[in-house]
Amino acid sequence: MMPVISLRGVKRYFTLGDITVKAIRGLDMDVEKGEFLAVMGPSGSGKSTLMNILGCLDKPTEGSYFLDGVDVSKASGDDFSDIRNRKIGFVFQGFNLLARTSAIENVQLPLLYRRAALDADPAAKAIAALKAVGLGERLHHIPSQLSGGQQQRVAIARAMINDPAFILADEPTGNLDSEMTLEVMALFQELNARGITIVMVTHEPEIACYTTRVVTMRDGALVSDAAIAERRSAADDLAARRAEGAA
């Protein structure tokens, strides 16, 4: 089966005056359909640059990025934006929800940017996505009426609305307390069990243990790539935490 993501010889250099910063130095990596990949590394390792390339927010200086078998690094202009909107669902640390807009309206936003004809019933599609993340009773709540974990669930529903090739999550639990973190990771594991491919940046090993594979970057290169030997269940950890709190 063709990988969802395939990077070949990817380099990304930035010129700052007379200095060339080699953010990514030649990277080969595949992500198969249904994987839950964690990307880790210290500050300056190149993981943010990698995320920008994977998210079609930036292009390699050299090399190729194949997304669903298409070399998107060769796309330009509107096509590049269209690929980003159709193929990638984004989840950010800060949620990035419109403050005065309901959950259902926030989730529908990506549909408004599609170049193809709009869905016949975008509201129905948004409702289905919100129900899939457990927010069927919060459709008309604005962000200030939702907990941090619920806001991130809205963001995840928004990321799913276009049935993307994969979800790209950048420190998705960074603004959440420990219980909300487990709620969100349990949801990611549930979505992954349904076959959704997820790539997540995190600096926390205790979060990476809920994924299926971890790659670590340093100085613009991959220094390790390993499957999780003993994957933890976020739902089980959440239940144990709540039982302990109730005791």
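I'm trying to understand the selection: among the residues of segment 187-202, which are in a loop (DSSP other than H, G, I, E, B) and surrounded by fewer than 15 Cβ atoms within 10 Å (Cβ to Cβ)?
Applying the first criterion (in a loop (DSSP other than H, G, I, E, B)) to segment 187-202 yields 194-197, 202.
Of everything in segment 187-202, those that are in a loop (DSSP other than H, G, I, E, B) and surrounded by fewer than 15 Cβ atoms within 10 Å (Cβ to Cβ) turn out to be 194, 195.
When each of 214, 184 is tested for being assigned to a helix (DSSP H, G or I) and within 15 Å of the chain's Cα centre (by Cα), the lone residue that passes is 184. Among residues of segment 81-95 that are within 18 Å of residue 66 (Cβ to Cβ), those with a Cβ under 8 angstrom from a residue that is at pLDDT below 90 and surrounded by fewer than 19 Cβ atoms within 10 Å (Cβ to Cβ), sequence gap 6+ or separate chain, pair up as 82/114; 82/115; 83/75; 86/114. The single condition from (1) touching a Leu at 6+ places or on another chain (Cβ under 6 Å); (2) in a loop (DSSP other than H, G, I, E, B) that residue 173 fails is (1). The listed residues are 244, 190, and the only one of them that is over 28 Å from residue 68 (Cβ atoms) and of a type in the set (D, E, K, R) turns out to be 244. Reported count of residues in segment 165-186, each being among the hydroxyl-bearing types (Ser, Thr, Tyr) and either surrounded by fewer than 19 Cβ atoms within 10 Å (Cβ to Cβ) or on the phi > 0 side of the Ramachandran plot (or both), is 1.
Residue pairs whose Cβ atoms lie under 7 Å apart, sitting 6 or more positions apart in sequence or on different chains, and linking a residue in segment 111-132 that is in a loop (DSSP other than H, G, I, E, B) and of a type in the set (Phe, Trp, Tyr) to a partner that is at pLDDT 80 or above and buried (at least 17 other Cβ atoms within 10 Å of the Cβ), are 113/85.
Could you tell me which residue of segment 39-73 is surrounded by the fewest Cβ atoms within 10 Å (Cβ to Cβ), considering only residues that are closer than 16 Å to residue 216 by Cα and of a type in the set (Val, Ile, Thr)? Once the filter is applied, the top-ranked residue is 49.
Counting only residues that are outside any helix (DSSP H, G or I) and surrounded by fewer than 20 Cβ atoms within 10 Å (Cβ to Cβ), segment 139-164 holds 8 of them.
The requirement of being at pLDDT 95 or above, assigned to a loop (DSSP other than H, G, I, E, B), of a type outside the set (D, E, K, R) and on the phi < 0 side of the Ramachandran plot is fulfilled nowhere in segment 18-27; no residue meets it. All of (1) modelled with pLDDT of 90 or more; (2) more than 21 Å from residue 194 (Cα to Cα); (3) in a helix (DSSP H, G or I) hold for residue 81 with one exception: (1).
Based on what the data block shows, is residue 25 surrounded by 16 or more Cβ atoms within 10 Å (Cβ to Cβ), among the charged types (D, E, K, R) and farther than 30 Å from residue 151 by Cα? Walk me through it before giving the result.
Details: surrounded by 16 or more Cβ atoms within 10 Å (Cβ to Cβ): no; among the charged types (D, E, K, R): yes; farther than 30 Å from residue 151 by Cα: yes.
Against the criterion (surrounded by 16 or more Cβ atoms within 10 Å (Cβ to Cβ), among the charged types (D, E, K, R) and farther than 30 Å from residue 151 by Cα), residue 25 does not qualify.
The values are calculated or read from the model by the stated rules, or taken from the named source; none is laboratory data. Only a predicted model underlies this, so the values are computations on that prediction, with no experimental measurement involved. Counting neighbours? That spans all protein chains shown, and the Cβs are built from the backbone with ideal geometry, glycine included.
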